[in-house]
1. Go through (1) open to solvent by 40 Å² or more (accessible area, probe 1.4 Å); (2) in a loop (DSSP other than H, G, I, E, B); (3) over 25 Å from residue 118 (Cα atoms); (4) not small (Gly, Ala, Ser) one by one and return the number of the condition residue 237 breaks.
2. Which one is nearest to residue 144 (Cα to Cα) among residues in segment 1-28 that are part of a loop (DSSP other than H, G, I, E, B) and in contact with a helix residue (DSSP H, G or I) (Cβ under 6 Å, 6 or more places away or on another chain)?
3. List, please: which pairs have Cβ atoms under 8 Å, are six or more places apart or on different chains, and start with a residue in segment 210-225 that is within 18 Å of residue 24 (Cβ to Cβ) and free of Cβ contacts under 8 Å to residues at least 12 places away in the same chain and end with one that is open to solvent by 10 Å² or more (accessible area, probe 1.4 Å) and in a loop (DSSP other than H, G, I, E, B)?
4. Which one is nearest to residue 24 (Cα to Cα), of the residues in segment 134-191 that are acidic (Asp, Glu) and either in a helix (DSSP H, G or I) or touching a helix residue (DSSP H, G or I) at 6+ places or on another chain (Cβ under 7 Å) (or both)?
5. Filter segment 130-176 for residues that are of a type in the set (Ser, Thr, Tyr), crowded, with 17+ Cβ neighbours inside 10 Å and either touching a Cys at 6+ places or on another chain (Cβ under 8 Å) or over 28 Å from residue 206 (Cβ atoms) (or both) and give the result.
Amino acid sequence: MDLGLSGKIALVTGGSRGIGKACALALAKEGADVTISFTSNEIAAQETVDALRAHHGKGEMVRFDVGDAAAGQAAIDALVKSKGGLHVLVNNAGVAIDGLVMRFKDEDLEKIFKTNVFGAYTLSRAACRAMMKARWGRIIMMGSVVGEMGNTGQSAYAATKSALEGLSKSLARELASRNITCNVVSPGFIDTDMTKGMTETMRAALLSQIPLGAMGSAEDIADAVTWLSSERARYVTGQVLSVNGGLYM
């Protein structure tokens, strides 16, 4: 099935590993010219770029902190100038800082909002200008099941992911006339480096709550992101696509 992504220019933030890497590779397989952003792990980022280039010789990486608005704007300006445009933005980069609300530090609250919400907002603002010029664009936020259902010890993280839903719905209304869609993909518990540290007891307890009886894969999320990025999803905007095995309905 042709998803209409051949020749499209895409930026996936936090694309050096896990879900971000899977999204970048899935988009590249459909013919997109993908650039990934990273903040620290240059070796992992280069490995992802090498994998991207294995598809059709294209793939780039750029280092910047998504919480730095000026750096994000500069990165997107440079990308648009070198590639000739930007069609797909996947706001995947994020941090998770856990803690009970009564003990949560102000500096941690500021950090998690700056990365997860401020970063997605400012990058979307920068990207939509190129998309408006092209009259075609896809903006995808990486949400979380925690933002939909809440979780003890994750009030700040849940708040940032819920904020992305409101941001996406508002952007969807603002940008629809220019043929730009904005949606959220909301993963459940995904088998990545972040969940590999769970004990067998913790894993068994978690799986008992998931109707499909298994954790998801990064590729499950990437498939949803790729479809929403495509021409096939042209009539879908302002939506939250939950990919969680039935954990939250």
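The values are calculated or read from the model by the stated rules, or taken from the named source; none is laboratory data. Bear in mind the structure is a predicted one, so any value in this text is a computation, not a measurement. Cβ: placed from backbone, ideal geometry, glycine included. Neighbour counts: every protein chain shown. For accessibility, only protein heavy atoms count, side chains too; no ligands or nucleic acids. Shrake-Rupley method; radii C 1.70, N 1.55, O 1.52, S 1.80 Å.
1. In the conditions (1) open to solvent by 40 Å² or more (accessible area, probe 1.4 Å); (2) in a loop (DSSP other than H, G, I, E, B); (3) over 25 Å from residue 118 (Cα atoms); (4) not small (Gly, Ala, Ser), residue 237 misses (3) alone.
2. Restricting to residues being part of a loop (DSSP other than H, G, I, E, B) and in contact with a helix residue (DSSP H, G or I) (Cβ under 6 Å, 6 or more places away or on another chain), the top hit is 14.
3. If the second residue must be open to solvent by 10 Å² or more (accessible area, probe 1.4 Å) and in a loop (DSSP other than H, G, I, E, B), no pairs are left.
4. My answer is 165.
5. Matches in segment 130-176: 168 only.
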